[in-house]
Amino acid sequence: MPVNSERGLVLEMRHTGERLVLHRVRNREVIEELHLSGTLPARREGPPLHIHALEDEQGQVISGTLSARLDGKTMTVGAGGWARFPKGSAHRWWNAGDKALVIQGIATPAVDLDRFLHALFEVLNASDSGRPPIFYLAHVLHRHRKTQTTLVLPRIVQSAMFPILILIGTALGKYRGNAWPGCPERCVGAPSSSIQTGTLVAFTSLSNCSVRLSSGEEVAGAFDVEALRRSHGPIYGINIGAVVDIVFESQKNLARIVRISQKEPNRPSEAIPPSEDGRF
């Protein structure tokens, strides 16, 4: 059963062991993004070939190895590497390695990917055999057809077949009430998280630091290096005492630092490492 908490929407696929945590964040440019973190056990398939019509998706491999196919080309991304899936591209990903895959990513802007995944996970988990109930699957795929396309069947077949299945399902009472798998009244997607401001009070590494909030509470944090590069361009050091902007991850009291809003003139703690193209 999906869990929608203050920190995020938690989805688990019982047939593959895939686990996702999603939450929405409105960035400084007032664009709402969907932040994702996930795990997939070794030697397991991820989602089938699919297309996000309006959302650019990018993710970093935290540990393990990501295998992916993008517009007909296969790639492999190791720990620390990034994969980018532009909107409109046909892509899929899986874990061909012997270790669990851990990833973090962002879909921009947040359109309806969280609602789609919320409903799709419910439908796929409703079957003991792993084969999704066709009436419920048709309803989810058809209502999200303009923004999310799963290429399990040719599009022309989906556009002809799904409305007929939904008509039959309606006549059979499959969609009565709101307890059926994938019901849109329940599958409302991820909660929104606002950016909070705090002060950097301890720094061991980019993935291990502490931030004090205005309430006086201290939270553990990690720097989102890609977000910092996007918002600042070159960054050569981080100061204790810097005022930083954070968003909370799914786990309680774990903050992701997405922006340095003010730098104090103290000794730099550590430089942001360069990206693959040599820029900071």
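The values are calculated or read from the model by the stated rules, or taken from the named source; none is laboratory data. Note that the structure is predicted; figures quoted are calculated from it, not measured. Glycine also receives a Cβ, built like all others from the backbone with ideal geometry; neighbour counts cover every protein chain displayed. For accessibility, only protein heavy atoms count, side chains too; no ligands or nucleic acids. Shrake-Rupley method; radii C 1.70, N 1.55, O 1.52, S 1.80 Å.
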- line: Picked from the stretch 80-121 (must be among the small types (G, A, S) and in contact with a helix residue (DSSP H, G or I) (Cβ under 7 Å, 6 or more places away or on another chain)), the residue surrounded by the most Cβ atoms within 10 Å (Cβ to Cβ) is A119
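Yes or no, residue by residue, for (1) modelled with pLDDT under 95; (2) surrounded by 15 or more Cβ atoms within 10 Å (Cβ to Cβ); (3) in contact with an Asp or Glu (Cβ under 7 Å, 6 or more places away or on another chain); (4) among the polar types (S, T, N, Q):
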site: L141; (1), (2), (3), (4): no, yes, no, no
site: K146; (1), (2), (3), (4): no, no, no, no
site: L153; (1), (2), (3), (4): yes, no, no, no
site: K174; (1), (2), (3), (4): no, yes, no, no
site: G182; (1), (2), (3), (4): no, yes, yes, no
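To keep it simple, each residue is scored yes or no on (1) more than 17 Å from R256 (Cβ to Cβ); (2) of a type in the set (A, V, I, L, M, F, W, C).
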| residue | (1), (2) |
| --- | --- |
| T16 | yes, no |
| L20 | no, yes |
| N27 | no, no |
| E55 | yes, no |
| G59 | no, no |
| A68 | yes, yes |
| K73 | yes, no |
| T76 | yes, no |
| P109 | yes, no |
- request: Scan the stretch 122-139 for residues that are touching a Lys or Arg at 6+ places or on another chain (Cβ under 8 Å), surrounded by fewer than 21 Cβ atoms within 10 Å (Cβ to Cβ) and over 21 Å from L36 (Cα atoms) and jot them down.
  value: F135
message: Take the conditions modelled with pLDDT under 90 and open to solvent by 50 Å² or more (accessible area, probe 1.4 Å) and apply them to V25. Does it pass?
response: no
message: Being surrounded by 14 or more Cβ atoms within 10 Å (Cβ to Cβ), at pLDDT below 80 and more than 21 Å from G59 (Cα to Cα) is the filter here; which residues of the stretch 238-260 pass it?
response: I238
- request: From (1) modelled with pLDDT of 95 or more; (2) surrounded by 14 or more Cβ atoms within 10 Å (Cβ to Cβ); (3) on the phi < 0 side of the Ramachandran plot, pick out the condition that doesn't hold for G64.
  value: (3)
Selection from the stretch 13-65 of residues that are under 15 Å from the mean Cα position of the chain (by Cα), free of Cβ contacts under 8 Å to residues at least 40 places away in the same chain and assigned to a strand (DSSP E or B): R19
statement: If you go through A83, A53, A107, the only one that is touching a His at 6+ places or on another chain (Cβ under 8 Å), modelled with pLDDT of 95 or more, closer than 25 Å to T149 by Cβ and of a type in the set (G, A, S) is A107
